[in-house]
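Derivation of every value follows stated rules applied to the coordinates shown; laboratory data play no part. Just so it is clear, the model here is predicted, and its values are computed rather than measured. Quick reminder, even Gly has a Cβ in these numbers, built from the backbone with ideal geometry, and neighbours come from all protein chains shown.
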Amino acid sequence: MSALHVQNEIGKLKKVLLHCPGPETRNYPDGQFNRVFTLRPSSSSFDLDKALREHHAYSAMLEHEGVEILYLENLLTEALDATEQARRSFIDSYISECGARGIELESAIREYLERIEGSRALAQAAVNGIRYSQVFNTDKEVFSLTKLTADAYSPDDLLVSPLNTMWFTRDPASVIGEGVTLNHMYWPERNREVIAYKTIFTYHPDFRETPQFFKHESTYHIEGGDLHNLNSENIAAGISQRTEPAAIDTLANNLLWDENSTIESVWAIQVPYDDLCIHLDTYFTRVDYETFLVARELLDQARVYRITRGRSEGTTRACHVAGGLKEALRLALGSSSLQFILCGGSNPGAAEVERTNNATSTLCLEPGKVCVYEENAETNKALEQAGIDLIPISIFELTNGFGGPNCLCLPLVRTS
């Protein structure tokens, strides 16, 4: 079997990629929490101990279910060890994405990274971020004009922020069949995460032959939470705040014409605009062969488009699907007996609350068995009444309202 194999989101989960939060979450100057946790505007702190307890409970659940866990930092270290070119490429990409601009800063950061001995230390440094004092000798600046005029960097100032969303491993890359997409993230700081995946899928001995269906260097943005494998021939893609139609066009063209792909149709689904629910998987996940958990507004209102090959090689053709999501899934799966469980169940009042608490972001472990966010009582009750076996888990500190169990792992292998 290939190193990667994901043809749907319900096959028995065999292998996943995780990242465990660590010291990077505490690497910020006093009073600058919101600079390094920019996606938590209502928070002023991160409880690492609680997050670690949640992560350990999550990983223990996966291991109990027979899932092999690979850790991102380990794979990155092994990829950097593989060839000297891997290290050079990683540093070049890191500098181009780090946000520091100009000869002085870029040269200093490059010199600092190139001095680091050992691939693991380099990987950790990239995750932890870089302070001014790590790359400049501040003793030489004591009598400088910038120091005299109080215009100098503080030694504790961050030139490069730590990667504090890296445990959302679903988003930077996506496995489709036996290939991968290297996504172009909406928020610039998250693009440094993609560099790790790019290095792994280009240089790691176990993964370097992997077909790449979307390039990180694309003009257009696409994120993994918007990609949902339906079967070997069909994939759904959310048109969302984070994924543009042009990105889906690019992906569709690659999937439909690449000899390494078996995809015949890409189903683009318009995701409602919401500041908290930002991807397709926050409105829609599959929990069994013919059963989906879905938010009412997506089921009732979403516009859906089907993209297939055009008449000329290398072209595609998109058309609107009359009948919306239900009809699109019926056509994609060839079934007229699909079941839809509504977020919030029969309680409309709970639907909005639990949708914004990511009740639909479930992780299917095998057909009919899913890991759910335990706090969403009404949705979980509806799933149980439909015969779905639940494994509830609490991951509030890890996700802080911006994701569920589905967001914290990248499936690498599922049985078909």
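Computed from backbone phi with θ = phi - 60° and the Karplus coefficients 6.51, -1.76 and 1.60, the 3J(HN,Hα) list for region 279-296 is 10, 4, 6, 8, 10, 6, 9, 9, 10, 7, 3, 10, 10, 10, 9, 8, 6, 3 Hz; x is used for glycine and proline. Distance from the alpha carbon centroid of region 229-296 to that of region 380-416 works out to 18 angstrom.
Which values of log₁₀ I(q)/I(0), to two decimal places, follow from the Debye formula for region 149-219 at q = 0.15, 0.16, 0.19 Å⁻¹ with a uniform point scatterer at every Cα? For region 149-219 at q = 0.15, 0.16, 0.19 Å⁻¹, log10 I(q)/I(0) is -0.56, -0.61, -0.77.
Please give the residues of region 191-210, grouped as numeric ranges, whose backbone N is less than 20 Å from a label point set 7 Å along the Cα-to-Cβ vector of ASN74. 196-209, by backbone N distance to the label point. Note on region 9-49: Rg/Rh from C-alpha atoms, Kirkwood Rh, equals 1.18. The calculated FRET efficiency for the pair GLU65 and GLU352, based on their C-beta separation and a Förster distance of 41 Å, comes to about 0.85. With springs only between Cα atoms under 10 Å apart, run a GNM on the chain and tell me which of ARG170, ARG115, ARG242 wobbles the most. In this elastic network of the chain, the residue with the biggest mean-square fluctuation among ARG170, ARG115, ARG242 is ARG115. For region 325-414, the gyration tensor built on C-alpha atoms gives an oblate shape. Its axis ratio a/c (a ≥ b ≥ c) is at least 1.5, and a/b is not larger than b/c. Just to be sure I follow the definition: excluding the sites themselves, where is the longest run in the chain that has none of the chymotrypsin sites (Phe, Trp or Tyr not before Pro) in a DSSP loop with at most 12 other Cβ atoms within 10 Å? Segment 274-416 is the longest. I want to verify a result. In a Gaussian network model of the chain, Cα cutoff 10 Å, which of these has the top mean-square fluctuation: LEU39, LEU75, LEU158? Checking each option, the largest mean-square fluctuation is seen for LEU39.
Which of the aspartates and glutamates could a cross-linker span from LYS369 if the Cα-Cα distance has to be under 14 Å and same-chain partners fewer than 8 positions apart are dropped? Of all the aspartates and glutamates, those that pass the test against LYS369 - Cα under 14 Å, at least 8 places apart if same chain - are GLU9, GLU65, ASP288, GLU290, GLU384, ASP389. Loop-located trypsin sites (Lys or Arg not before Pro) in region 261-330 (DSSP state not H, G, I, E or B) with no more than 14 neighbouring Cβ atoms inside 10 Å: ARG303, ARG311. Springs between Cα atoms under 10 Å define the GNM used for the chain, and in it the highest mean-square fluctuation of GLY403, GLY225, GLY345 occurs at GLY345. In degrees from 0 to 90, rounded to the nearest 10, what is the angle of the helix 72-82 Cα long axis to the longest principal axis of the chain? Roughly 60 degrees between the two axes. Here region 347-375 is scanned for amide nitrogen atoms under 17 Å from the site 7 Å beyond the Cα of PHE396 along Cα-to-Cβ, giving 353-359, 372-375. Between the amide H of PHE214 and those of LEU182, distances stay under 5 Å, these residues lying 5 or more places away or on another chain, with hydrogens modeled in the peptide plane.
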